[in-house]
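Notes follow the structure.
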Amino acid sequence: MKRMSRREFLRTSALGSLGGLGGVGLGLGALGAGALGGCATPMKGDIARKSGRRVVVIGGGWGGATAAKYVRLGDPSIEVILLEPSREFVSCPFSNLVLSGVESIQALTHGYDGLRRHGVKIRHEAATAIEPDRKRVRIGEGYLEYDRLVVSPGVDFQWERVPGTGPMGEGILHAWKAGPQTVELARRLQAMPDGGVFVLTVPPVAYRCPPGPYERICQVAWYLKTRKPRAKLIVLDANKDIVSKAGLFKAAWKAYPNIDYRPASNVEKVDLATREVTPEIGDQVTYDVLNLIPPQRAGQIAVQADLVGADKRWCEVDHVTYESVKHKGIHVVGDATIGLPVPKSGNIANAMGKIAAVAVVHLLNGKQPPQLAPGNTCYSWVSNTEAIAVVNSYKIENGKVVQIEQKLTPKQSVEVARNSIGWRSSIWSDVLA
Amino acid sequence: MVRLGRLLAGCAAVTLVLAGGRAAAGPLDTPGAAKALVCSACHGFAGQSPSDTMPIIAGMLPEYFKKAIRDYAGGKRPSPEMEPYSKMVLQFGLDEIAQYFADQKRQPTSIKVDPAVVARGKAASTQCVICHGPDGKGDPARGIPDLRGQPPAYLRSQMVLFKADQRSPGDDALKALKALFKTLPDEMFADLAAYYSSLR
């Protein structure tokens with residue numbers, strides 16, 4: 001069997017999401033100094049000998065960064081090591097506004113020094129495997145022992161379900177992980193000819209951020225209406241209807257006659273050479289710019305570690321502790337989880353990260369974890385100035401997360417947009433400061 | 001020699017585990033802290049909101065907090081954001097969560113305000129001191145909140161609601177306040193908000 005070099009392995013596992021872009025521009029850390037250059041020589045054996053109790057966290061996104069911070073807040077005698085290839089945190093929430101030029105990618109980009117101030121030890125490397133029986137996380141040939149592990153791997157893409165795309169989605173822009181792809185998609189949108197066609201595809205549920213594609217449609221449509229009034233935006237939605245905040249989005253779309261929304265139009269295949277997308281039902285479309293958001297599953301490490309269910313997509317967890325139902329001692333939070341009546345959102349990942357952290361601290365101290373539930377506040381910008389929101393709160397009933405209530409904003413408004421700015425400054429601080 | 005070293009290290013590790021790790025109580029150690037975890041996403045850790053639109057609830061009077069939660073849950077303070085969360089607070093324990101926030105030390109907002117706007121607000125605040133005091137500290141005995149250092153956008157948003165009688169309609173304690181706001185022009189609210197936000 002041909003031995004894969006560490007460089008190759010890291011590129012295919014944690015970094016494959018950047019596709020064929022080559023990692024230029026912002027967010028270089030993921031492909032540049034971060035994972036591959038941070039350590040001069042690949043390490044073998046025990047990378048950092050464990051002397052006391054240790055929690056390892058895989059993934060420094062909304063769930064993982066939060067969990068790492070809150071374990072330290074809960075019990076600073078517990079060592080926390082966070083594995084995150086990227087040296088920067090780029091917020092997916094608000095990244096749709098980078099496409100329309102309403103927001104800059106810089107405003108959404110943060111460093112990890114806040115976590116370091118809490119004593120979180122950050123290694124800018126990707127976990128390559130988990131050995132649950134030995135309670136070790138592997139980084140190539142090296143390993144880190146843990147007492148408890150928190151896995152927050154986000155999502156990865158099921159390119160195999162979109163014929164015509166390569167195994168790593170080379171040449172396709174999903175921009176479904178904020179960073180270089182967001183900037184590139186914005187550039188292509190701006191370079192599109194007036195009278196051109198922008199095609200956006202929405203994957204079948206479940207996927208990261210239910211209203212995300214529809215907010216993106218608003219931002220692209222607003223931009224085109226303003227700058228390229230003869231251009232069109234064709235949406236091929238695999239779902240039968242708008243998946244989230246449907247009434248509010250439909251009301252917003254009245255302002256954008258350039259949107260051609262086609263539900264029940266799952267992508268059958270793509271031809272990058274001829275620039276054609278063929279849905280299972282309905283007409284083939286030709287694009288000038290394609291934003292294909294592919295079907296999704298839990299991040300690769302969750303699949304490798306067999307934390308996923310029979311369909312190899314999502315991780316089932318205990319609703320109180322977020323402990324994996326398949327492997328004890330491993331907690332999974334964020335988009336990678338399934339079975340809770342909650343959306344896959346950054347806010348939910350942040351809530352799960354906190355609750356799992358508190359559970360882990362209690363368990364490591366021999367105490368029963370409290371029964372806590374998450375909440376979700378979700379804003380979508382429908383133009384350059386107005387936004388809508390949906391809010392859900394939950395409780396625990398017989399050990400399961402159950403929804404208390406869902407509320408929608410009655411209409412789009414500048415006030416809701418203002419609230420979303422308040423939300424982002426608070427929650428970014430909660431995750432990273 | 002090596003074996004002795006390992007034995008000592010082993011003993012130290014066991015001692016550390018038995019000791020339970022740490023002596024002093026940490027910031028997440030009270031039941032109220034755990035139940036209030038979800039709130040930090042908008043209101044900041046320990047209720048110290050870094051945002052302009054969500055209020056600082058650290059150090060809030062318990063009765064004021066509880067009334068706000070009840071009013072949000074009952075639809076008297078219309079807020080799609082707060083209504084589901086207020087019901088969550090009621091579900092998990094209003095008294096405990098109120099006490100947790102009351103016990104937290106409050107810092108003023110880090111949101112900056114324009115000194116010229118603050119000066120206009122100060123000049124406009126002569127009637128406000130009747131209830132909120134000359135220093136904006138309020139009066140706990142009468143349930144009048146401390147406005148000092150709250151973020152300006154939040155303060156302004158509440159003034160808009162008071163003027164439109166959309167915040168707790170029919171609440172007798174707010175009658176005089178709302179009557180006063182009805183006489184004020186909307187443009188004055190940002191000035192008043194900046195002034196009270198600037199107070200320390």
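How far is helix A:180-191 tilted, in degrees, relative to the longest principal axis of the Cα atoms in chain A, given as a value from 0 to 90 rounded to the nearest 10?
Once rounded, the angle reads 10 degrees.
List the aspartates and glutamates whose Cα lies under 18 Å from the Cα of B:K66, skipping any in the same chain that are fewer than 8 positions away.
B:E81, B:E83, B:D95, B:E96, B:D103, B:D139, B:D146, B:D171, B:D172
Could you please report the charge total around A:F249, scoring K, R as +1 and D, E as -1 over all other residues with beta-carbon less than 14 angstrom from its beta-carbon?
Summing Lys and Arg as +1 and Asp and Glu as -1 gives +1.
May I ask you to sort A:T128, A:T226 by Cβ crowding, counting other Cβ atoms within 10 Å and putting the fewest first?
Ordered from fewest to most neighbouring Cβ atoms within 10 Å, A:T128, A:T226 come out as A:T226, A:T128.
Starting from the Cα gyration tensor of the stretch A:159-295, take the square roots of the eigenvalues, sort them a ≥ b ≥ c, and report rounded, prolate or oblate (rounded when a/c is under 1.5, otherwise prolate if a/b is larger than b/c, else oblate). Intermediate values should be presented prior to the final figure.
On the way: a/c = 1.37, a/b = 1.13, b/c = 1.21.
Verdict is rounded for the stretch A:159-295.
Starting from the amide H of A:L173, placed 1.01 Å from N in the peptide plane, find each other amide H under 5 Å away whose residue is 5 or more places distant or on another chain.
Result for A:L173 returns A:L292.
Could you work out the relative contact order of chain A, using alpha carbon pairs under 8 angstrom and six or more residues apart, expressed as a whole percent?
Contact order relative to length: 17 percent.
Could you go through the stretch A:241-256 in sequence order and give the Karplus-derived ³J(HN,Hα) for each residue, using 6.51 cos²θ - 1.76 cosθ + 1.60 with θ = phi - 60°, rounded to whole Hz, and x for Gly and Pro?
Once θ is set to phi - 60°, the couplings for the stretch A:241-256 become 7, 4, 7, 8, 6, 4, x, 5, 5, 4, 5, 5, 5, 4, 7, 10 Hz.
Of all DSSP beta bridges in the protein assembly as shown, what percent run antiparallel (nearest 5)?
DSSP beta bridges in the protein assembly as shown are roughly 55 percent antiparallel.
Within a Cβ distance under 14 Å of B:T53, other residues only, what is the Lys/Arg minus Asp/Glu net charge?
Net charge around B:T53: 0.
Among A:M43, A:M352, B:M60, B:M54, which comes first, then next, by fewest other beta-carbon atoms within 10 Å? Working shown, then result.
Details: A:M43 16, A:M352 29, B:M60 21, B:M54 24.
Ordered by Cβ neighbours within 10 Å, fewest first: A:M43, B:M60, B:M54, A:M352.
I want to verify a result. In a Gaussian network model of chain A, Cα cutoff 10 Å, which of these has the top mean-square fluctuation: A:P410, A:P132, A:P85?
Looking only at A:P410, A:P132, A:P85, the largest GNM fluctuation is found for A:P410.
Just order A:366-372, B:68-74 by mean Cβ neighbour count inside 10 Å, highest at the front, would you?
B:68-74, A:366-372
What residues qualify as long-range amide H neighbours of B:I56, i.e. H under 5 Å apart, gap of 5 or more or another chain, H built at 1.01 Å from N?
Here B:S49 satisfy the definition.
Per-residue Cβ counts within 10 Å, from other chains only, averaged over A:360-368: what number is that?
Across the residues of A:360-368, the mean count of other-chain Cβ atoms within 10 Å is 2.
Given the options A:S345, A:G399, A:S420, identify the residue whose Cα lies farthest towards the positive end of the charge dipole of the stretch A:333-433 (+1 on Cβ of Lys, Arg; -1 on Cβ of Asp, Glu).
It is A:G399.
Using a Gaussian network model of chain A with C-alpha springs under 10 Å, which one of A:A65, A:A310, A:A349 is most mobile by mean-square fluctuation?
A:A310
If you count, for every residue in A:369-381, the Cβ atoms of partner chains within 10 Å of its Cβ, what is the mean?
4
Within 10 Å of each Cβ in A:65-77, how many Cβ atoms from other chains are there, averaged over the peptide?
Counting other chains' Cβ atoms within 10 Å and averaging over A:65-77 gives 3.
Shape call for the stretch B:31-103 from the C-alpha gyration tensor, a ≥ b ≥ c root eigenvalues: rounded (a/c under 1.5), prolate (a/b greater than b/c) or oblate?
Taking the square roots of the gyration eigenvalues as a ≥ b ≥ c, the stretch B:31-103 is rounded.
Using Cα atoms only, what is the angle between the long axis of helix A:346-364 and the major principal axis of chain A, expressed in degrees (0 to 90) to the nearest 10?
Between the helix axis and the principal axis of chain A, the angle is about 10 degrees.
Which value in deg cm²/dmol, rounded to the nearest 500, describes the helix-derived mean residue ellipticity at 222 nm for chain A, given -39,500 (n - 2.57) per DSSP H run of n ≥ 4 and division by the residue count?
-7500 deg cm²/dmol
Using the Cα centre of the protein assembly as shown as origin and beta-carbon charges of +1 (Lys, Arg) and -1 (Asp, Glu), tell me which of A:A336, A:M43, A:A67 is placed farthest towards the positive end of the dipole.
My answer, from the dipole projection, is A:M43.
May I ask you to evaluate 6.51 cos²θ - 1.76 cosθ + 1.60, the Karplus curve with θ = phi - 60°, for each residue of the stretch A:165-173 and list the ³J(HN,Hα) values in order in whole Hz, giving x for glycine and proline?
Whole-Hz 3J(HN,Hα) from phi for the stretch A:165-173: 9, x, x, 10, x, 4, x, 9, 9.
Could you pull out every residue, at least 5 positions away or on a different chain, whose amide H is within less than 5 Å of the one on A:K269? Hs are placed 1.01 Å off N in the peptide plane, and Pro or chain starts have none.
The answer is A:T278.
Where a Cα-Cα gap under 20 Å defines reach, which aspartates and glutamates qualify for A:K250, not counting those fewer than 8 residues away within the same chain?
A:E215, A:D237, A:D241, A:D260, A:E386, A:E415
Would you mind ranking A:E323, A:E170 by Cβ crowding within 10 Å, fewest neighbours first?
A:E170, A:E323
Tell me, what ³J(HN,Hα) does each residue in the stretch B:164-173 have, in order and in whole Hz, if you take phi through Karplus 6.51 cos²θ - 1.76 cosθ + 1.60 with θ = phi - 60° and put x for Gly and Pro?
For the stretch B:164-173, the Karplus-derived couplings read 7, 6, 9, 9, 6, x, x, 7, 4, 4 Hz, x marking Gly and Pro.
Coordinate-derived values only; no laboratory data. Just so we're clear, the structure is a prediction, and the values are computed from it rather than from any experiment. As a convention, Cβ positions derive from the backbone with ideal geometry for all residues, glycine included, and neighbour counts pool all protein chains shown.
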